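The values are calculated or read from the model by the stated rules, or taken from the named source; none is laboratory data. On a predicted model such as this, the values are computed, not experimentally measured, just so you know. Glycine also receives a Cβ, built like all others from the backbone with ideal geometry; neighbour counts cover every protein chain displayed. Note: areas computed on protein heavy atoms with side chains; ligands, DNA, RNA excluded. Shrake-Rupley method; radii C 1.70, N 1.55, O 1.52, S 1.80 Å.
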Amino acid sequence: MDRFAELQAFVAVVEAGGFSSAARALGQSRSSVNRLVIGLETRLGVQLLHRTTRSVVPNATGQALYERARRLVDDVDEVEQAVGPSPRAPAGILRLGAPLPFGDLDFSRLVTAFMARHPSVQLEVQFENRRVDPGAEGHDLLIRIAAPDTPNEPDEPTRLIHRRILPLEHILCAAPSYLVRCGRPHSLAALADHAALFLQRDAARPGWQMAGPDGPVAVPIRPVLVANTFETLLTAVRAGLGIAVLPAVAVRTDLAAGRLVALMEEHRLPACELQLVYPSSRHLSARVRVFVEFVEAWCRTLSGSGDGVTTG
């Protein structure tokens, strides 16, 4: 029995949710697809699918196998495309993890613009702010906001490629309505008397690290809101609820329009960077490569450093 044919049939059944639909997608008979999947289960000695009269879904073992088999099927398809009589556009499924959109860093716009440029690539996107392991969770790559040279998390493998694509400077800012009501701070010490909107990334005591003429300073704050998404802080600061530290690229439109005001500009805040993260053992397929190039062009647009892409 052809092992690749078994895996191809299994992947098709999982994605189609049934044998008949999978058979139509593969151009085979239902009995042939069923025989291939049963052969795979017999050879492995495990059940992979929960079968009912209405649907077919993978069990835990089947889901784990599907994640790996899907990549293998995609890779074989790509090899065939590369050696065919004429090169074909990148195609297949691209599994992407990205932060929740906020401000000008609206990754949903990036995704839709990429789809318009590469219609043969099917995107599966998970927007969230938790740190994930791209290999274990089936992502081809992640877009991540992180401090430069941030070590891997304890639950994350060490062999990951972190490709730096955009430095992210941070700005302390507030809405004019807040400054009218509460006054404008003119020293780091004065910040302790203001309402702070704080991004909680770990269990550390809330505070801001800033640097000025005399070196780095840990600034104690009085948080009135602690959230784990930039979008929440951006909404709150626009509403005049307090002062927040946010990436400059996320608030530049608000600053230019006067909806937000930059504060304490003589003091620097720690920089972050936008990274593309993927397992080092995973080669970059054509669809991943074109997405990386697209993101880098988009970042050039955001930073104003060259030609980029239009995201509408």
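Tabulated values for the structure
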{"read-out": "Residue match in the stretch 46-56 (condition: at pLDDT 75 or above and in contact with a Phe, Trp or Tyr (Cβ under 7 Å, 6 or more places away or on another chain))", "value": "yes"}
{"read-out": "The stretch 177-192: number of residues that are within 17 Å of Arg259 (Cβ to Cβ) and open to solvent by less than 50 Å² (accessible area, probe 1.4 Å)", "value": "2"}
{"read-out": "Wholly within the stretch 219-296, strands (runs of 3 or more DSSP E) carrying at least 1 residues that are more than 30 Å from Phe114 (Cα to Cα) and touching a Ser or Thr at 6+ places or on another chain (Cβ under 8 Å)", "value": "222-227"}
{"read-out": "Subset of the stretch 204-241 (residues that are open to solvent by less than 20 Å² (accessible area, probe 1.4 Å), modelled with pLDDT of 90 or more and under 25 Å from Arg144 (Cα atoms))", "value": "Leu233, Leu234, Ala236, Val237"}
{"read-out": "Where a residue in the stretch 44-64 is surrounded by 11 or more Cβ atoms within 10 Å (Cβ to Cβ) and its partner, wherever it lies, is among the basic types (Lys, Arg) and assigned to a helix (DSSP H, G or I), with Cβ under 6 Å and at least six apart", "value": "none"}
{"read-out": "Which numbered condition Gly312 misses (of (1) open to solvent by 60 Å² or more (accessible area, probe 1.4 Å); (2) modelled with pLDDT of 80 or more)", "value": "(2)"}
{"read-out": "Residue in the stretch 138-160 that is touching a strand residue (DSSP E or B) at 6+ places or on another chain (Cβ under 9 Å), surrounded by fewer than 15 Cβ atoms within 10 Å (Cβ to Cβ), modelled with pLDDT of 65 or more and not in a loop (DSSP other than H, G, I, E, B) present", "value": "no"}
{"read-out": "Set Arg201, Arg259, Arg252: member being among the charged types (D, E, K, R), modelled with pLDDT under 90 and closer than 16 Å to Pro176 by Cα", "value": "Arg252"}
{"read-out": "Ala25 vs. criteria among the aliphatic types (A, V, I, L, M) and either under 15 Å from Leu72 (Cβ atoms) or crowded, with 16+ Cβ neighbours inside 10 Å (or both)", "value": "no"}
{"read-out": "In the stretch 90-124, the residues that are surrounded by 20 or more Cβ atoms within 10 Å (Cβ to Cβ), among the small types (Gly, Ala, Ser) and at pLDDT 85 or above", "value": "Gly97, Ala98"}
{"read-out": "Qualifying residue in the stretch 28-42 (condition: without any contact (Cβ under 8 Å) to a residue 24 or more places away in the chain, acidic (Asp, Glu), under 17 Å from Ile93 (Cα atoms) and open to solvent by 20 Å² or more (accessible area, probe 1.4 Å))", "value": "no"}
